[in-house]
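The values are calculated or read from the model by the stated rules, or taken from the named source; none is laboratory data. Every value quoted in this text rests on a predicted model; they were computed, and no experiment measured them. As a convention, Cβ positions derive from the backbone with ideal geometry for all residues, glycine included, and neighbour counts pool all protein chains shown. Side chains included, ligands, DNA and RNA excluded: accessible areas come from the protein's heavy atoms. Shrake-Rupley method; radii C 1.70, N 1.55, O 1.52, S 1.80 Å.
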Amino acid sequence: MNTGFGSWLLGISLGASALGGMLGVASSIVLAATTFGSALLYSISGFGFAVLAAPLFLLFLDPARAIQLIIIISTVLSVVVLRGLLPAVAPRLLLRLALGSVVGLPLGLIAFRYADPILVRAAAGAMIFGFAILMAVLRRRSGQPGQSKHWTAFAMSPGLDLAAGAVSGFAGALVGQPGPPVLIYLLLAGAAARTVRATLLAFFALSYGVTLASHTATIGIPAPTWLAAGILIPFAFLGGLAGRPIGDRLGAEAFAMLAIALLAVAGAYTLGAAAVAFATA
């Protein structure tokens, strides 16, 4: 990629015309590599695209454009990666999670309107990070001699499915992270790794699809953002295709530890973002 193409990609497609020359080229390469790596992880685990992509996207783009780019890419990527995992999706579980999310969403929007966003993000980050540490400790203890290797906190039930979906919808509206509540619930319930991965991808495909339609119909998505998404989506495809066979071969224990690590990163990032916002307020 030469300097002219890099400047065109970042200056026209991503609206960052202030960055030119080699800086534009470097920024474009970073965004493409971030998209590929985030899609790779997302395909392996069913979770984590926004966790990795958001911090770097926000370095080069204004928040509104970065968020819309992540929504577009995540919607397309979820559908593409999910195709090979459809047999593993639990339809009734997915339906209950989706119904619960619909209930939790308006409550999250109300809370978003009246709550202090910095304190909310700090609390959410602390809770997610705390759950990640707790699950790591419990899984480590369960693997010790005399302990059950397959520790679970509770059995899944329709009521708990709906509750997890409601918390997810609430968290999605309030802090923009619908994934951690569902992932924590499925991990604590001891769901099979392939089921967790497929159900998360299907759940995200639905939620991101609704979010994308809402943005398009209400806020509007500028043409340069669609063009930038069209340029970055092939890198997401490559990452998704590369990650799918890795995810299929990932054992239950390795999958659980990867998921816990992603939760820890998500919690730490949310805490960090809240701390920065508080320091600059």
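When the range 178-225 is filtered for residues that are among the aliphatic types (A, V, I, L, M), within 24 Å of residue 133 (Cβ to Cβ) and part of a helix (DSSP H, G or I), the ones remaining, listed by number, are 182, 183, 184, 186, 187, 188, 193, 196, 200. Per the conditions (1) open to solvent by 50 Å² or more (accessible area, probe 1.4 Å); (2) in contact with a helix residue (DSSP H, G or I) (Cβ under 6 Å, 6 or more places away or on another chain), the sole criterion not satisfied by residue 234 is (2). Every residue in the range 243-272 that is open to solvent by 40 Å² or more (accessible area, probe 1.4 Å), among the aliphatic types (A, V, I, L, M), in a helix (DSSP H, G or I) and in contact with a helix residue (DSSP H, G or I) (Cβ under 8 Å, 6 or more places away or on another chain), please. Those that are open to solvent by 40 Å² or more (accessible area, probe 1.4 Å), among the aliphatic types (A, V, I, L, M), in a helix (DSSP H, G or I) and in contact with a helix residue (DSSP H, G or I) (Cβ under 8 Å, 6 or more places away or on another chain): 246, 252, 257, 258, 261, 265, 268, 271. So in the range 201-231, with the set limited to residues that are over 15 Å from residue 179 (Cα atoms) and polar (S, T, N, Q), which one is most open to solvent (accessible area, probe 1.4 Å)? Out of the qualifying residues, it is 218.
Identify, please: which residue in the range 71-100 is touching a Gly at 6+ places or on another chain (Cβ under 7 Å) and either of a type in the set (Asp, Glu) or open to solvent by 10 Å² or more (accessible area, probe 1.4 Å) (or both) and is, among those, modelled with the lowest pLDDT? Out of the qualifying residues, it is 80. Return the total of residues in the range 50-70 being open to solvent by 40 Å² or more (accessible area, probe 1.4 Å), of a type outside the set (A, V, I, L, M) and under 18 Å from residue 209 (Cα atoms). Within the range 50-70, residues that are open to solvent by 40 Å² or more (accessible area, probe 1.4 Å), of a type outside the set (A, V, I, L, M) and under 18 Å from residue 209 (Cα atoms) number 1. Mind listing just one residue for me: the one in the range 101-111 that is under 20 Å from the mean Cα position of the chain (by Cα) and open to solvent by 90 Å² or more (accessible area, probe 1.4 Å) and, of those, modelled with the lowest pLDDT? Per the criteria, the residue is 109. Among the residues examined, residue 37 qualifies as modelled with pLDDT of 80 or more, open to solvent by 10 Å² or more (accessible area, probe 1.4 Å) and of a type outside the set (D, E, K, R).
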